[in-house]
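Encoded as C-alpha coordinates, the structure appears first; notes follow it.
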Amino acid sequence: MRKTIIICFSAVLLLAACKDRDNAVLQKPLSISERRLSELSIKMANYLPQVAVDSNRIPRALAADGSLIAENSHQWTSGFFPGTLWLLYGYSKDAAMKNAAKQWTAFLEKEKWDGHTHDLGFKLNSSFGNAYKITNNPKYKDVVVQASKTLINRYNNKIGCIRSWDWNADVWQFPVIIDNIMNLEMLFEATAYTGDSTFYNIARQHAKTTLKNHYRPDFSCFHVVDYDTLTGEVRLKTTHQGYSDGSAWSRGQAWGLYGYTMAYGKTKDPAFLEQAKGIAQFFFNHPRLPADKIPYWDFDAPNIPNEPRDVSAAAVAACGLLELCEYNPANKTQYLAWADAILASLAKPEYQSEAPPFLLDHSTGSVPGEFEVDVPIVYADYYYVTALLRRLALAGKE
Ligand code: GLY
(Lines give C-alpha, C1' and ligand atoms only; values in the text may rest on other atoms or scores of the structure.)
Protein backbone atom coordinates (compact mmCIF):
# COMPACT_ATOMS: atom_id res chain seq x y z
CA MET A 1 0.00 0.00 0.00
CA ARG A 2 2.75 2.43 1.10
CA LYS A 3 4.69 1.57 -2.07
CA THR A 4 1.61 2.31 -4.24
CA ILE A 5 1.12 5.72 -2.57
CA ILE A 6 4.79 6.62 -3.14
CA ILE A 7 4.58 5.61 -6.81
CA CYS A 8 1.38 7.65 -7.34
CA PHE A 9 2.84 10.68 -5.57
CA SER A 10 6.02 10.48 -7.68
CA ALA A 11 3.95 10.27 -10.86
CA VAL A 12 2.02 13.42 -9.87
CA LEU A 13 5.30 15.26 -9.16
CA LEU A 14 6.72 14.12 -12.48
CA LEU A 15 3.64 15.29 -14.37
CA ALA A 16 3.79 18.68 -12.64
CA ALA A 17 7.49 19.00 -13.48
CA CYS A 18 6.77 18.17 -17.15
CA LYS A 19 3.99 20.75 -17.26
CA ASP A 20 6.32 23.41 -15.79
CA ARG A 21 8.97 22.51 -18.31
CA ASP A 22 6.41 22.64 -21.17
CA ASN A 23 5.26 26.06 -20.00
CA ALA A 24 8.84 27.29 -19.84
CA VAL A 25 9.54 25.93 -23.33
CA LEU A 26 6.37 27.63 -24.55
CA GLN A 27 7.02 30.96 -22.86
CA LYS A 28 10.08 31.87 -24.89
CA PRO A 29 8.53 31.61 -28.37
CA LEU A 30 5.42 33.28 -27.07
CA SER A 31 7.19 36.26 -25.66
CA ILE A 32 9.21 36.50 -28.87
CA SER A 33 6.01 36.42 -30.95
CA GLU A 34 4.20 38.98 -28.84
CA ARG A 35 7.15 41.33 -28.62
CA ARG A 36 7.85 41.07 -32.33
CA LEU A 37 4.22 41.71 -33.28
CA SER A 38 4.07 44.80 -31.09
CA GLU A 39 7.33 46.14 -32.51
CA LEU A 40 6.25 45.40 -36.06
CA SER A 41 2.90 47.08 -35.53
CA ILE A 42 4.60 50.28 -34.41
CA LYS A 43 6.99 50.11 -37.37
CA MET A 44 4.33 49.67 -40.06
CA ALA A 45 1.35 51.87 -39.15
CA ASN A 46 2.70 55.06 -40.66
CA TYR A 47 3.76 53.71 -44.02
CA LEU A 48 1.01 55.33 -46.07
CA PRO A 49 0.60 55.59 -49.84
CA GLN A 50 0.95 58.90 -51.58
CA VAL A 51 -2.20 58.49 -53.54
CA ALA A 52 -1.21 60.11 -56.81
CA VAL A 53 1.60 57.60 -57.43
CA ASP A 54 1.27 54.65 -55.16
CA SER A 55 -0.81 52.40 -57.36
CA ASN A 56 2.63 51.88 -58.93
CA ARG A 57 4.55 52.01 -55.65
CA ILE A 58 3.38 48.97 -53.69
CA PRO A 59 6.46 47.77 -51.76
CA ARG A 60 7.98 44.52 -53.01
CA ALA A 61 11.68 44.24 -52.14
CA LEU A 62 14.91 46.13 -51.60
CA ALA A 63 17.44 46.28 -54.40
CA ALA A 64 21.04 45.34 -53.62
CA ASP A 65 21.85 49.09 -53.44
CA GLY A 66 19.17 49.56 -50.76
CA SER A 67 16.63 51.32 -52.98
CA LEU A 68 12.98 50.31 -52.88
CA ILE A 69 11.63 47.98 -55.57
CA ALA A 70 7.98 48.89 -55.87
CA GLU A 71 5.30 47.72 -58.27
CA ASN A 72 1.75 48.03 -59.49
CA SER A 73 -1.17 45.84 -58.45
CA HIS A 74 -0.70 43.50 -61.41
CA GLN A 75 2.49 41.88 -60.03
CA TRP A 76 2.09 38.60 -58.11
CA THR A 77 3.42 40.10 -54.89
CA SER A 78 1.04 43.08 -54.69
CA GLY A 79 -1.22 41.56 -52.01
CA PHE A 80 1.44 40.89 -49.41
CA PHE A 81 2.09 44.41 -48.18
CA PRO A 82 -1.59 45.27 -47.64
CA GLY A 83 -2.06 41.76 -46.24
CA THR A 84 0.69 42.27 -43.67
CA LEU A 85 -0.95 45.52 -42.58
CA TRP A 86 -4.32 43.77 -42.17
CA LEU A 87 -2.75 40.98 -40.11
CA LEU A 88 -1.01 43.50 -37.88
CA TYR A 89 -4.24 45.48 -37.55
CA GLY A 90 -6.02 42.28 -36.51
CA TYR A 91 -3.44 41.92 -33.77
CA SER A 92 -3.07 45.54 -32.62
CA LYS A 93 -6.52 46.99 -33.44
CA ASP A 94 -4.61 50.20 -34.10
CA ALA A 95 -6.76 52.62 -36.17
CA ALA A 96 -3.72 53.99 -38.00
CA MET A 97 -2.84 50.49 -39.16
CA LYS A 98 -6.37 49.94 -40.43
CA ASN A 99 -6.22 53.22 -42.32
CA ALA A 100 -2.96 52.20 -43.99
CA ALA A 101 -4.30 48.72 -44.79
CA LYS A 102 -7.45 50.14 -46.40
CA GLN A 103 -5.56 52.60 -48.54
CA TRP A 104 -3.06 50.09 -49.93
CA THR A 105 -5.75 47.42 -50.46
CA ALA A 106 -7.92 49.71 -52.60
CA PHE A 107 -5.31 49.70 -55.38
CA LEU A 108 -5.78 45.96 -55.94
CA GLU A 109 -9.51 45.57 -56.55
CA LYS A 110 -9.32 45.70 -60.34
CA GLU A 111 -7.16 42.54 -60.34
CA LYS A 112 -10.29 40.47 -59.64
CA TRP A 113 -11.03 40.63 -63.40
CA ASP A 114 -7.58 39.53 -64.58
CA GLY A 115 -7.97 36.10 -66.18
CA HIS A 116 -4.36 35.97 -67.38
CA THR A 117 -2.80 34.89 -64.08
CA HIS A 118 -3.02 32.13 -61.50
CA ASP A 119 -1.74 34.48 -58.79
CA LEU A 120 -5.17 35.80 -57.83
CA GLY A 121 -5.05 34.12 -54.41
CA PHE A 122 -1.65 35.62 -53.60
CA LYS A 123 -2.90 39.05 -54.66
CA LEU A 124 -6.49 39.14 -53.46
CA ASN A 125 -6.82 36.59 -50.67
CA SER A 126 -3.80 38.05 -48.87
CA SER A 127 -5.28 41.55 -49.12
CA PHE A 128 -9.09 41.46 -49.47
CA GLY A 129 -9.39 37.99 -47.90
CA ASN A 130 -7.69 39.08 -44.70
CA ALA A 131 -9.60 42.37 -44.77
CA TYR A 132 -12.84 40.37 -44.77
CA LYS A 133 -11.76 37.95 -42.04
CA ILE A 134 -10.69 40.82 -39.81
CA THR A 135 -13.46 43.38 -40.44
CA ASN A 136 -16.36 41.15 -41.55
CA ASN A 137 -17.21 43.77 -44.18
CA PRO A 138 -18.97 41.87 -47.04
CA LYS A 139 -17.58 44.31 -49.61
CA TYR A 140 -14.18 42.64 -49.17
CA LYS A 141 -15.66 39.14 -49.47
CA ASP A 142 -17.29 40.03 -52.80
CA VAL A 143 -13.88 40.79 -54.27
CA VAL A 144 -12.56 37.38 -53.16
CA VAL A 145 -15.56 35.62 -54.70
CA GLN A 146 -15.20 37.46 -58.03
CA ALA A 147 -11.46 36.71 -58.08
CA SER A 148 -12.28 33.03 -57.53
CA LYS A 149 -14.76 33.05 -60.43
CA THR A 150 -12.06 34.55 -62.62
CA LEU A 151 -9.44 32.04 -61.45
CA ILE A 152 -11.47 28.90 -62.16
CA ASN A 153 -11.67 29.87 -65.84
CA ARG A 154 -8.05 28.70 -65.97
CA TYR A 155 -9.03 25.16 -64.92
CA ASN A 156 -8.70 22.39 -67.51
CA ASN A 157 -10.93 19.43 -66.78
CA LYS A 158 -8.93 16.95 -68.84
CA ILE A 159 -5.71 17.83 -67.03
CA GLY A 160 -7.28 18.37 -63.63
CA CYS A 161 -5.32 21.55 -62.92
CA ILE A 162 -5.47 25.33 -63.05
CA ARG A 163 -3.01 26.71 -65.57
CA SER A 164 -0.18 28.78 -64.10
CA TRP A 165 1.61 30.82 -66.74
CA ASP A 166 0.56 32.06 -70.19
CA TRP A 167 4.05 33.08 -71.33
CA ASN A 168 6.79 30.94 -72.95
CA ALA A 169 4.13 29.32 -75.14
CA ASP A 170 6.70 28.01 -77.63
CA VAL A 171 8.10 25.73 -74.87
CA TRP A 172 5.14 24.98 -72.59
CA GLN A 173 1.55 24.05 -73.45
CA PHE A 174 -0.04 24.10 -70.01
CA PRO A 175 2.52 24.83 -67.26
CA VAL A 176 1.56 24.28 -63.64
CA ILE A 177 3.96 25.44 -60.92
CA ILE A 178 3.97 24.15 -57.36
CA ASP A 179 3.35 27.73 -56.13
CA ASN A 180 -0.19 27.45 -57.53
CA ILE A 181 -1.18 25.22 -54.60
CA MET A 182 -1.25 28.41 -52.51
CA ASN A 183 -4.01 29.95 -54.63
CA LEU A 184 -6.34 27.06 -53.75
CA GLU A 185 -6.93 28.51 -50.29
CA MET A 186 -9.00 31.30 -51.84
CA LEU A 187 -11.09 28.79 -53.79
CA PHE A 188 -11.87 26.68 -50.72
CA GLU A 189 -12.90 29.86 -48.93
CA ALA A 190 -15.06 30.99 -51.87
CA THR A 191 -17.11 27.79 -51.47
CA ALA A 192 -17.48 28.48 -47.76
CA TYR A 193 -18.66 32.04 -48.56
CA THR A 194 -21.08 31.16 -51.37
CA GLY A 195 -22.13 27.53 -50.85
CA ASP A 196 -21.08 26.86 -54.46
CA SER A 197 -19.02 23.66 -54.44
CA THR A 198 -17.48 24.33 -57.87
CA PHE A 199 -14.55 26.20 -56.31
CA TYR A 200 -13.93 23.44 -53.74
CA ASN A 201 -14.07 20.64 -56.33
CA ILE A 202 -11.61 22.36 -58.63
CA ALA A 203 -9.24 23.15 -55.77
CA ARG A 204 -9.34 19.57 -54.50
CA GLN A 205 -8.71 18.09 -57.95
CA HIS A 206 -5.82 20.50 -58.59
CA ALA A 207 -4.22 19.38 -55.31
CA LYS A 208 -4.68 15.70 -56.24
CA THR A 209 -3.21 16.09 -59.73
CA THR A 210 -0.28 18.08 -58.36
CA LEU A 211 0.39 15.42 -55.72
CA LYS A 212 0.52 12.76 -58.45
CA ASN A 213 2.70 14.61 -60.94
CA HIS A 214 4.85 17.17 -59.10
CA TYR A 215 6.17 14.95 -56.32
CA ARG A 216 9.08 12.53 -56.19
CA PRO A 217 9.28 9.44 -53.96
CA ASP A 218 11.32 11.38 -51.35
CA PHE A 219 8.53 14.03 -51.05
CA SER A 220 10.55 16.73 -52.79
CA CYS A 221 8.90 18.34 -55.80
CA PHE A 222 9.52 19.67 -59.26
CA HIS A 223 8.87 23.35 -59.79
CA VAL A 224 7.09 23.23 -63.17
CA VAL A 225 5.05 20.40 -64.69
CA ASP A 226 3.87 20.98 -68.25
CA TYR A 227 0.81 19.15 -69.61
CA ASP A 228 -0.33 18.26 -73.12
CA THR A 229 -3.60 20.08 -73.72
CA LEU A 230 -4.90 17.41 -76.12
CA THR A 231 -4.13 14.26 -74.13
CA GLY A 232 -3.92 15.70 -70.62
CA GLU A 233 -0.61 13.82 -70.14
CA VAL A 234 2.56 15.23 -68.56
CA ARG A 235 4.99 16.57 -71.19
CA LEU A 236 7.83 17.98 -69.09
CA LYS A 237 9.02 18.19 -65.50
CA THR A 238 11.34 21.13 -65.14
CA THR A 239 12.32 24.20 -63.15
CA HIS A 240 12.20 27.93 -63.58
CA GLN A 241 13.50 29.25 -60.26
CA GLY A 242 15.37 26.22 -58.93
CA TYR A 243 18.99 25.19 -59.44
CA SER A 244 18.13 22.33 -61.82
CA ASP A 245 15.14 20.31 -63.01
CA GLY A 246 15.85 17.59 -60.46
CA SER A 247 16.74 19.88 -57.53
CA ALA A 248 14.61 20.88 -54.55
CA TRP A 249 13.97 24.64 -54.79
CA SER A 250 13.39 25.65 -51.19
CA ARG A 251 10.41 27.97 -51.57
CA GLY A 252 8.69 25.38 -53.75
CA GLN A 253 9.09 22.81 -50.97
CA ALA A 254 7.66 25.34 -48.51
CA TRP A 255 4.70 26.19 -50.78
CA GLY A 256 3.94 22.46 -50.86
CA LEU A 257 4.17 22.06 -47.07
CA TYR A 258 1.84 25.00 -46.48
CA GLY A 259 -0.40 23.98 -49.41
CA TYR A 260 -0.99 20.31 -48.54
CA THR A 261 -1.51 21.15 -44.87
CA MET A 262 -4.09 23.79 -45.85
CA ALA A 263 -5.72 21.41 -48.38
CA TYR A 264 -6.00 18.73 -45.68
CA GLY A 265 -7.55 21.26 -43.30
CA LYS A 266 -10.17 22.17 -45.90
CA THR A 267 -10.96 18.67 -47.25
CA LYS A 268 -9.83 16.15 -44.59
CA ASP A 269 -8.46 14.03 -47.46
CA PRO A 270 -5.95 11.73 -45.70
CA ALA A 271 -3.65 11.67 -48.76
CA PHE A 272 -3.04 15.41 -48.30
CA LEU A 273 -2.12 14.92 -44.64
CA GLU A 274 0.37 12.16 -45.51
CA GLN A 275 1.83 14.40 -48.19
CA ALA A 276 2.28 17.32 -45.79
CA LYS A 277 3.93 15.03 -43.21
CA GLY A 278 6.30 13.66 -45.85
CA ILE A 279 7.25 17.15 -47.06
CA ALA A 280 7.94 18.27 -43.47
CA GLN A 281 10.28 15.31 -42.97
CA PHE A 282 12.06 16.00 -46.26
CA PHE A 283 12.57 19.68 -45.43
CA PHE A 284 13.52 19.50 -41.77
CA ASN A 285 15.59 16.31 -41.80
CA HIS A 286 17.51 17.40 -44.87
CA PRO A 287 21.28 17.10 -44.34
CA ARG A 288 21.82 20.48 -46.03
CA LEU A 289 19.32 22.41 -43.89
CA PRO A 290 21.44 24.72 -41.70
CA ALA A 291 21.26 24.38 -37.91
CA ASP A 292 19.23 27.60 -37.61
CA LYS A 293 16.58 26.05 -39.94
CA ILE A 294 16.75 28.85 -42.53
CA PRO A 295 17.33 27.00 -45.83
CA TYR A 296 19.63 27.89 -48.67
CA TRP A 297 17.62 29.01 -51.71
CA ASP A 298 17.77 25.47 -53.13
CA PHE A 299 18.59 22.32 -51.13
CA ASP A 300 20.81 21.21 -54.04
CA ALA A 301 22.52 24.54 -54.76
CA PRO A 302 26.09 23.70 -55.81
CA ASN A 303 28.14 25.88 -53.45
CA ILE A 304 26.50 25.24 -50.09
CA PRO A 305 27.43 26.64 -47.56
CA ASN A 306 28.36 29.63 -49.72
CA GLU A 307 24.89 30.14 -51.17
CA PRO A 308 22.20 32.72 -50.34
CA ARG A 309 19.57 31.73 -47.83
CA ASP A 310 15.84 32.10 -48.42
CA VAL A 311 14.12 33.48 -45.35
CA SER A 312 10.79 33.50 -47.21
CA ALA A 313 10.92 29.70 -47.54
CA ALA A 314 11.53 29.40 -43.81
CA ALA A 315 8.61 31.69 -42.97
CA VAL A 316 6.21 29.81 -45.28
CA ALA A 317 7.37 26.45 -43.88
CA ALA A 318 6.85 27.69 -40.30
CA CYS A 319 3.24 28.59 -41.18
CA GLY A 320 2.73 25.08 -42.57
CA LEU A 321 4.16 23.41 -39.46
CA LEU A 322 2.03 25.54 -37.13
CA GLU A 323 -1.12 24.30 -38.85
CA LEU A 324 0.12 20.74 -39.39
CA CYS A 325 0.78 20.24 -35.69
CA GLU A 326 -2.95 20.63 -35.07
CA TYR A 327 -3.75 17.71 -37.39
CA ASN A 328 -1.02 15.38 -36.23
CA PRO A 329 -0.80 15.06 -32.43
CA ALA A 330 1.85 12.33 -32.65
CA ASN A 331 4.33 14.75 -34.26
CA LYS A 332 3.14 17.95 -32.61
CA THR A 333 6.14 18.41 -30.34
CA GLN A 334 8.53 17.94 -33.24
CA TYR A 335 6.66 20.34 -35.56
CA LEU A 336 6.45 22.98 -32.85
CA ALA A 337 10.15 22.65 -32.10
CA TRP A 338 11.02 23.19 -35.78
CA ALA A 339 8.66 26.16 -36.12
CA ASP A 340 9.94 27.72 -32.91
CA ALA A 341 13.51 27.29 -34.08
CA ILE A 342 12.65 29.26 -37.24
CA LEU A 343 10.88 32.00 -35.28
CA ALA A 344 13.79 32.24 -32.84
CA SER A 345 16.27 32.54 -35.74
CA LEU A 346 14.19 35.18 -37.51
CA ALA A 347 14.00 37.27 -34.34
CA LYS A 348 17.80 37.60 -34.31
CA PRO A 349 19.37 40.86 -35.57
CA GLU A 350 21.09 39.04 -38.44
CA TYR A 351 17.72 38.25 -40.03
CA GLN A 352 15.90 41.49 -39.21
CA SER A 353 15.67 44.34 -41.69
CA GLU A 354 16.00 47.90 -40.48
CA ALA A 355 14.89 49.31 -43.84
CA PRO A 356 11.26 50.48 -43.78
CA PRO A 357 8.82 49.01 -44.55
CA PHE A 358 10.51 45.60 -44.46
CA LEU A 359 10.69 43.29 -41.48
CA LEU A 360 13.13 40.57 -42.53
CA ASP A 361 16.33 40.40 -44.56
CA HIS A 362 17.94 37.54 -46.57
CA SER A 363 15.19 36.30 -48.85
CA THR A 364 15.86 35.12 -52.37
CA GLY A 365 13.44 35.66 -55.25
CA SER A 366 15.25 33.99 -58.14
CA VAL A 367 18.91 33.04 -58.45
CA PRO A 368 18.57 31.85 -62.08
CA GLY A 369 16.66 35.05 -62.92
CA GLU A 370 19.29 37.09 -61.06
CA PHE A 371 16.77 39.18 -59.20
CA GLU A 372 16.04 39.80 -55.52
CA VAL A 373 18.88 37.67 -54.19
CA ASP A 374 19.58 37.85 -50.44
CA VAL A 375 17.45 40.94 -49.79
CA PRO A 376 14.27 41.89 -47.88
CA ILE A 377 11.16 40.72 -49.79
CA VAL A 378 7.59 41.46 -48.85
CA TYR A 379 6.22 37.90 -48.95
CA ALA A 380 8.71 36.78 -46.32
CA ASP A 381 7.27 39.46 -44.03
CA TYR A 382 3.68 38.41 -44.73
CA TYR A 383 4.30 34.76 -43.87
CA TYR A 384 6.47 35.72 -40.88
CA VAL A 385 3.62 37.73 -39.37
CA THR A 386 1.22 34.87 -40.23
CA ALA A 387 3.51 32.43 -38.40
CA LEU A 388 3.81 34.68 -35.33
CA LEU A 389 0.02 34.97 -35.16
CA ARG A 390 -0.44 31.23 -35.61
CA ARG A 391 2.05 30.58 -32.82
CA LEU A 392 0.16 32.84 -30.44
CA ALA A 393 -3.21 31.36 -31.41
CA LEU A 394 -1.90 27.86 -30.84
CA ALA A 395 -0.63 28.74 -27.41
CA GLY A 396 -4.02 30.21 -26.57
CA LYS A 397 -5.57 26.77 -27.12
CA GLU A 398 -3.18 24.91 -24.77
N1 GLY B 1 5.37 32.48 -56.83
C2 GLY B 1 6.63 32.92 -57.25
C3 GLY B 1 7.71 32.66 -56.28
O4 GLY B 1 7.55 31.94 -55.30
O5 GLY B 1 8.79 33.19 -56.49
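Would you call Ser126 touching a residue at least 60 places away in the same chain (Cβ under 8 Å) and either among the hydroxyl-bearing types (Ser, Thr, Tyr) or on the phi > 0 side of the Ramachandran plot (or both)? Steps first, please.
Values: touching a residue at least 60 places away in the same chain (Cβ under 8 Å): yes; either among the hydroxyl-bearing types (Ser, Thr, Tyr) or on the phi > 0 side of the Ramachandran plot (or both): yes.
Criteria met by Ser126.
With the requirement that a residue be hydroxyl-bearing (Ser, Thr, Tyr) and surrounded by fewer than 24 Cβ atoms within 10 Å (Cβ to Cβ), what does the range 144-189 give you? Quick ask: steps written out before the conclusion?
Just the residues of the range 144-189 that are hydroxyl-bearing (Ser, Thr, Tyr), to begin with: 148, 150, 155, 164.
Answer for the range 144-189, where residues must be hydroxyl-bearing (Ser, Thr, Tyr) and surrounded by fewer than 24 Cβ atoms within 10 Å (Cβ to Cβ): Thr150, Tyr155, Ser164.
Only one residue in Arg288, Arg235, Arg251 is among the charged types (D, E, K, R) and under 15 Å from the mean Cα position of the chain (by Cα). Which one?
One residue alone meets the criteria, Arg251.
Here's the yes/no breakdown for (1) within 16 Å of the ligand (Cβ to nearest atom); (2) closer than 14 Å to Val144 by Cβ:
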| site | (1), (2) |
| --- | --- |
| Asn157 | no, no |
| Ile162 | yes, no |
| Asn168 | yes, no |
| Ile177 | yes, no |
| Asn180 | yes, no |
| Leu187 | no, yes |
| Tyr193 | no, yes |
| Ser197 | no, no |
| Asn201 | no, no |
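Filter the range 74-101 for residues that are polar (S, T, N, Q), within 21 Å of Ala380 (Cα to Cα) and away from the ligand (no atom under 16 Å from the Cβ) and give the result.
Thr84, Ser92
Kindly establish whether Ser220 is without any contact (Cβ under 8 Å) to a residue 60 or more places away in the chain and either within 16 Å of the ligand (Cβ to nearest atom) or touching a helix residue (DSSP H, G or I) at 6+ places or on another chain (Cβ under 6 Å) (or both).
no
Please state which one of Leu48, Leu68 is away from the ligand (no atom under 16 Å from the Cβ), exposed (fewer than 15 other Cβ atoms within 10 Å of the Cβ), of a type outside the set (S, T, N, Q) and modelled with pLDDT of 75 or more.
Matching residue, one of Leu48, Leu68: Leu48.
Please state which one of Tyr258, Tyr264 is among the aromatic types (Phe, Trp, Tyr), more than 16 Å from the ligand (Cβ to nearest atom), outside any loop (DSSP other than H, G, I, E, B) and at pLDDT 95 or above.
Tyr264
Tell me which of these Pro305 doesn't satisfy, since it passes every other one: (1) in a helix (DSSP H, G or I); (2) touching a Pro at 6+ places or on another chain (Cβ under 8 Å); (3) surrounded by fewer than 16 Cβ atoms within 10 Å (Cβ to Cβ).
(1)
Report yes if Ser78 is at pLDDT below 95 and within 28 Å of Ala317 (Cβ to Cβ), otherwise no. Reasoning before the result, please.
Numbers: at pLDDT below 95: no; within 28 Å of Ala317 (Cβ to Cβ): yes.
In short, no.
Are any residues in the range 102-122 of a type in the set (Phe, Trp, Tyr) and within 16 Å of the ligand (Cβ to nearest atom), and if so, which ones?
The one that is of a type in the set (Phe, Trp, Tyr) and within 16 Å of the ligand (Cβ to nearest atom): Phe122.
Could you list all residues from the range 374-398 that are more than 21 Å from Tyr296 (Cβ to Cβ) and outside any helix (DSSP H, G or I)?
Once the filter is applied, which keeps residues that are more than 21 Å from Tyr296 (Cβ to Cβ) and outside any helix (DSSP H, G or I), the range 374-398 yields Lys397, Glu398.
Just to be sure before I move on: is Ala344 surrounded by fewer than 24 Cβ atoms within 10 Å (Cβ to Cβ) and assigned to a helix (DSSP H, G or I) in the structure I sent?
yes
Would you kindly identify the helices (runs of 4 or more DSSP H) lying entirely within the range 106-196 that contain at least 2 residues that are in contact with an Asp or Glu (Cβ under 7 Å, 6 or more places away or on another chain)?
138-152
Give the range 329-347 a look and list any residue that's polar (S, T, N, Q) and under 17 Å from Arg35 (Cα atoms), or say none. Break it down into steps so the answer makes sense when it comes.
Residues of the range 329-347 that are polar (S, T, N, Q), as a first pass: 331, 333-334, 345.
Within the range 329-347, just Ser345 meets the criteria.
With respect to Asp340, is the statement that it is within 16 Å of the ligand (Cβ to nearest atom), charged (D, E, K, R) and out of contact with any Lys or Arg (no Cβ under 6 Å at 6 or more places or on another chain) true? If you could, list the steps in order and put the result at the bottom.
Values: within 16 Å of the ligand (Cβ to nearest atom): no; charged (D, E, K, R): yes; out of contact with any Lys or Arg (no Cβ under 6 Å at 6 or more places or on another chain): yes.
It is false that Asp340 is within 16 Å of the ligand (Cβ to nearest atom), charged (D, E, K, R) and out of contact with any Lys or Arg (no Cβ under 6 Å at 6 or more places or on another chain).
Test of understanding: among Pro349, Pro357, Pro329, Pro376, which residue is of a type outside the set (Asp, Glu) and within 16 Å of the ligand (Cβ to nearest atom)?
Pro376 is the lone residue from the list that is of a type outside the set (Asp, Glu) and within 16 Å of the ligand (Cβ to nearest atom).
The values are calculated or read from the model by the stated rules, or taken from the named source; none is laboratory data. Predicted, not measured: the structure shown is a model, and the values here were computed from it. Note that we place each Cβ from the backbone using ideal geometry, even for glycine, and neighbour counts take in every protein chain shown.
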